[in-house]
Amino acid sequence: MQPLASDLVPLSEQQMWRQAAAQIHWTRAPTQLLDSSNPPFYRWFADGITNACYNAVDLHVEQGRGEQTAIIYDSPVTATKQLISYQQLLEQVSRFAGLLRQQGVEQGDRVLIYMPMIPEAAVAMLACARIGAIHSVVFGGFASHELAVRIDDATPKVVVAASCGIEPNRIVAYQPLLDQAIELAEHQPSCCIVLSRPQHPAQLGPRDLDWQQAVAAAPLTDCLPLPANHPLYILYTSGTTGQPKGVVRDTAGSIVALKWSMSNIYNVQPGDVYWAASDVGWVVGHSYIVYGPMFNGNTTVIYEGKPVGTPDAGAFWRVIEEYQVKVLFTAPTAFRAIRKEDPQAELMHHYDLSSLQALFLAGERCDPDTLNWAMAMLERPVIDHWWQTETGWSICANCLGREQLPIVAGSPARAVPGYNVQVVDDSGEPVSAGTIGALVVKNPLPPGTFTTLWQAPERYQSAYFDKFPGFYETGDAGYIDANGYVFVMARTDDVINVAGHRLSTGAIEEVLAGHPAVAECAVIGIACPMKGQLPMGLLVLNAGVTDSEQQVVSEAIAKVRNEIGPVAAFKLCAVVRRLPKTRSGKILRATMRSIADGKAWKMPATIDDPLILDEITQVLATLGYPQPSTAV
Ligand code: COA
Ligand code: AMP
């Protein structure tokens, strides 16, 4: 591959990516490492030809690993356990790809997947990759309106769904949600392939196909060689408005970077059991339930359950013992939930965890208390690592497969090779060690990160690359200490993180503002000892509203649940007379957040009516905030 200028990518990293690229299967190997002709639209391995499904499945069968388990499906909520070998997976994926083809799906067409944590979700994703269809998985905790927004943006030819998902406290019927979403959407998919689950069998309409029947009649279909930068998938994530951002990831970058990360960051080898306890609807699920482990020939675990309550706080330990899990990856909130139920981790002693090498945490800031507790209980390295839907894999991590660095609680350690992380002030000037500023990454981002936003290249440029020319703006604020350890402290926008789920307060505000009684509203993310953050809504009602405040609040809560979904966990809401604002009309969200979190705050000099903060303080107190203690 042709060399690049070393000021663009250091020579050591060029060498690293060349070597990593040599580890994957190419139909035609690239001659070019990076096409940098159109920044910030950098293209890695631009003239290569490959296929993600081939690298995830076929290759292992060809290399003699067909009998190895590819997927362990463990579902305490349905009392089901199933092992699927790479050979069996190949057959299932090839047939499902054939079915998609029969439904007219061609290279570049979109397929939307709305499924719970079942192996068929991975089969559908890999089948898309096999024929060059671009999948877009939507998390099951999103309701119809959110689904409709994604249908209209991705314009899928086919939707693949399950009849239901299973939450510990209820069965979530997906089909009515999907039907309603399709009714709400302007774009109409030509067909829905529905997997009927016995817990709530499918009710098929004229547009629907039964997964089992249709797949039985479908032909086996081979992998289609694809250009390196062909989109592998679109994954929607929260931005600052109700219009989510469709993060696009390409084919070759994903294969090279994710495979590299499995051995270099997580330190697992082909054949090892790797478990990301997340959901296929999130980036963690894409990268580390499906693609990463499979590119690396690992055995992945698809766990349809929770860390607690299915049936108890020993669930994770059972799975580790039963399948000899070597690495567990989850969000800190899962460990906070376990700790709350079982503070001394007594259930852990009922299981043999000797297979476990390390625990990785990401998805939200990991508070030192949780990290220290997990490390004390597990007596193994607990690795906090920082990444985002946009990057697809770690920006900062303690790379266990390279050199284990000392663990410093509160920090995801140092930048991973491939990322040049810096901290700048508002004008883009570098700040000194230990000073908080915006966390940015020097362009180009490494392979496997996002290549654009779906149908919105201008938004890609303006939202991420315009503010600090030459850098990717992560949207996180933090600092780097004198040892190069990065500390990620907070978002710089109105994205909040609820139980490791990324939500936009702006999107919740848009829903609340749509209530006929609401004149104005503000949503803030307040600290929650279990979920990290929770959204709280404050409503100002229109003059002349005759409904009681309580009724409007109940309707507002129901509206967010119906339109965004239960995942928003929107339960805290109150009516206020006015919102605190600056004289120029900016709502003082940060001040309200500080009051709710019980932090010291100063009366903003520019506030238009200082008395309003007294009222806000009283209203927050009626909701129980600030809470007496944030410690678990
Ligand atoms: N389909 C439908 N509804 C869903 C859902 C899904 N896939 N996932 C969650 N929900 C619902 C839940 O049932 C809950 O509904 P409720 O208000 O009726 O109780 C609501 O969405 C909020 O869910 P969640 O925030 O997950 O809270 P929880 O109390 O159900 O569980 C944890 C809390 C900590 C146990 C859970 O969030 C967890 O395991 N998180 C860590 C792992 C993870 O998923 N990380 C994400 C990225 S790494
Ligand atoms: P998501 O795109 O859903 O993965 O969310 C990404 C955001 O979660 C980041 O921008 C951070 O705000 C936060 N985040 C993820 N991992 C970490 C971490 N290890 N430490 C601090 N914040 C994190």
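The values are calculated or read from the model by the stated rules, or taken from the named source; none is laboratory data. On a predicted model such as this, the values are computed, not experimentally measured, just so you know. In this analysis, Cβ positions are derived from the backbone assuming ideal geometry, glycine residues included, and neighbour counts consider all displayed protein chains. In case anyone asks, the SASA skips ligands and DNA or RNA and just uses the protein heavy atoms, side chains included. Shrake-Rupley method; radii C 1.70, N 1.55, O 1.52, S 1.80 Å.
Numbers at a glance
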item	result
Whether segment 66-208 is rounded, prolate or oblate, judged on the alpha carbon gyration tensor where a/c under 1.5 counts as rounded	oblate
Solvent-accessible area of Asp614 with every protein chain in place, 1.4 Å probe, in Å² to the nearest 10	90
Percent of Cα-Cα distances greater than 19 Å, calculated over segment 155-283	68
Cα-based radius of gyration of segment 2-101 once divided by 2.2 N^0.38 Å, which approximates compact folds	1.48
Gain upon complete extension [Val408, Asn372; 0.36 nm per residue less C-alpha separation]	12.0 nm
Difference of contour (0.36 nm per residue) and Cα-Cα distance, Ala79 to Met489	143.6 nm
Unit charges on C-beta of K, R, D, E only; dipole of segment 386-497, Debye	360
Largest-first principal axis extents of the Cα set of segment 499-622 (Å)	39, 39, 26
Computed lengthening from Lys467 to Ala482, 0.36 nm per intervening residue step minus Cα-Cα distance	2.8 nm
Surface accessible to a 1.4 Å probe, per residue, for the residues of the chain, Å²	37
Restraint check, Lys81/Lys306; Lys157/Lys306; Lys531/Lys599; Lys306/Lys326, Cα-Cα greater than 21 Å	Lys157/Lys306
Packing rank of 411-417, 579-585, where each peptide gets the mean count of other beta carbons within 10 Å, highest leading	411-417, 579-585
The chain: calculated mean residue ellipticity at 222 nm from DSSP helix runs of at least 4, using -39500 (n - 2.57)	-8000 deg cm²/dmol
Shape call, segment 53-385: gyration tensor on alpha carbons, a/c limit 1.5	prolate
Ellipsoid semi-axes in whole angstrom, largest first, where each is sqrt(5λ) of the Cα gyration tensor of the chain	37, 30, 26
Heavy-atom accessible surface of the chain: percent carbon and sulfur, 1.4 Å	50
Reach of Lys559 by Cα under 17 Å, taken over lysines that are not fewer than 8 positions away in the same chain	Lys571
5 angstrom amide H check on Leu209, placed H, neighbours 5+ away	Cys192, Ile193, Val194
Cut-off under 5 Å, modelled amide H: who pairs with Val518 long-range	Asn542
Reachable lysines from Lys259, criterion Cα separation under 16 angstrom, eight or more residues apart if same chain	none
At most 16 other Cβ within 10 Å, DSSP loop - GluC sites (Glu not before Pro), segment 5-68	Glu67
Segments 160-166, 349-355, 227-233 sorted - mean Cβ within 10 Å per residue, highest first	160-166, 227-233, 349-355
Partners for Lys442 among aspartates and glutamates (Cα-Cα distance below 17 Å; same-chain residues under 8 apart left out)	Asp7, Glu13, Asp35, Glu390, Asp425, Asp426, Glu429, Asp466, Glu473, Asp476
